[in-house]
Structures are given as structure tokens and as C-alpha cells.
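Here, each number is a calculation from the coordinates, and none is a lab measurement. Keep in mind that what you see is a predicted model, and the values were worked out from it rather than measured. No Cβ is skipped: glycine too gets one built from the backbone with ideal geometry, and neighbour counts run over all protein chains shown.
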Amino acid sequence: MKFNLNYKNIVSELTPGFLRKDKFVNMLYAIIKGLQDLNDTFYQKTQDIYYYLKFNAQVIYLEKYLNDQYDPVFQRINISQGDYVTLNYLFNDVEAETPVYFSNKSEAATSIYYFNNVPVTGSYDFLVNVPYTLSSFADKIRASVLLFNLADKTFKVNFI
């Protein structure tokens, strides 16, 4: 779609030849000045929306968006894997994994507790590594990541 219209050219082309005097054409330009400004604003907004729609939650696109917005010169913002808590899994004998042993209190072994309904805390799916010099943009960076973040993913903005 063509949103960027040049109203001066349109007025010049549609004005009959015998009316193309400087005063008359300048008056028409003054009349359409507000319309031209409105069209320029609309065109700029559509370009911003098209730019915004190029990005999604994929790491490479999210990094590019954050770097373009907050660190366009040095491009130092990056995304890394989050901290995962190692969990003990229960396996069947046929899976040939190293066994996990359970003990009684009388055996005086270290206890391992398993709960199904308690979420694991302290782990993040990904970390957004931001230079410390950009710490004044912390809330804006967090909001920008939330725009593209998937619903079940957790993240932490890490200032390095």
C-alpha cells in the first residue's frame, strides 16, 4: 500500500495551466499543508508498526530489537540460557540409568524430598544480559521483553 503521498505534486498536476500562478499555487500549498503533515505523521507511524511487527520472541530477533532500542551503537545486549536447577528423576530399571536410592531415617542417610505441587524457584528460562551503563532503562527493557515474551517463559534482566 502506498501511504506516502506528495500533495504538492498532486496539486501541481491537477491545477489547470491557466491557474498556475505563483500566488494561487502557494495558496493551495498553504491549504493542504495540514493534510500533508497529517499524512507524514501517518506514514511514519505505519513505518514504526511495520518495524515492530518484524520481531517476535525468538532470541535473535529479540536481541536485535533490544539493541536497536537501547544500545544502537555498541550492540552489547545479549540473551543467554537461564539457570536451571538440576533435578533428580525417577527411572525404570529398563532405562539403565544410575539408580536413586531412598533410605529410612534409621539408616542415617541424607534425605531427598520429592513434591509434585511445589514449583521450582530461582530458575529462569533465559537471562537478558544488559551492560550496567544502561541500568537507567531497566523498567523499559523489562517492559520491552514482556511485549515479546511467551506466556510460560520466565526471564531476568541481568546487569553486567
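Pairs exceeding a 18 Å alpha-carbon distance, out of LYS64/LYS140; LYS8/LYS45; LYS2/LYS45: LYS8/LYS45. Listed values for region 38-44 are Karplus-derived 3J(HN,Hα) couplings in whole Hz (6.51 cos²θ - 1.76 cosθ + 1.60, θ = phi - 60°), namely 5, 5, 5, 5, 4, 5, 5, and x replaces Gly and Pro. Count Lys and Arg as plus one, Asp and Glu as minus one, and take only other residues whose Cβ is under 15 Å from that of MET27; the net charge is then +4. The stretch between ASP48 and PHE3 holds 14.9 nm of extra length on full extension. This uses 0.36 nm per residue minus the Cα-Cα distance.
Between the amide H of VAL157 and those of VAL128, distances stay under 5 Å, these residues lying 5 or more places away or on another chain, with hydrogens modeled in the peptide plane. For SER123, no residue has an amide H sitting under 5 Å from its own, ignoring neighbours fewer than 5 places away on the same chain, with H placed 1.01 Å from N.
The packing ranking, built from the mean of other Cβ atoms within 10 Å per residue, places the peptides 125-131, 141-147, 12-18, 39-45 in the order 125-131, 141-147, 39-45, 12-18, highest first.
Give me the net charge of ILE160's neighbourhood, meaning all other residues with Cβ under 15 Å from the Cβ of ILE160; Lys, Arg count +1, Asp, Glu -1.
-1
Across region 56-70, rounded Karplus estimates of 3J(HN,Hα) from the backbone phi angles (6.51 cos²θ - 1.76 cosθ + 1.60, θ = phi - 60°) give 8, 7, 5, 4, 5, 6, 5, 4, 4, 4, 5, 5, 5, 7, 10 Hz, Gly and Pro being marked x.
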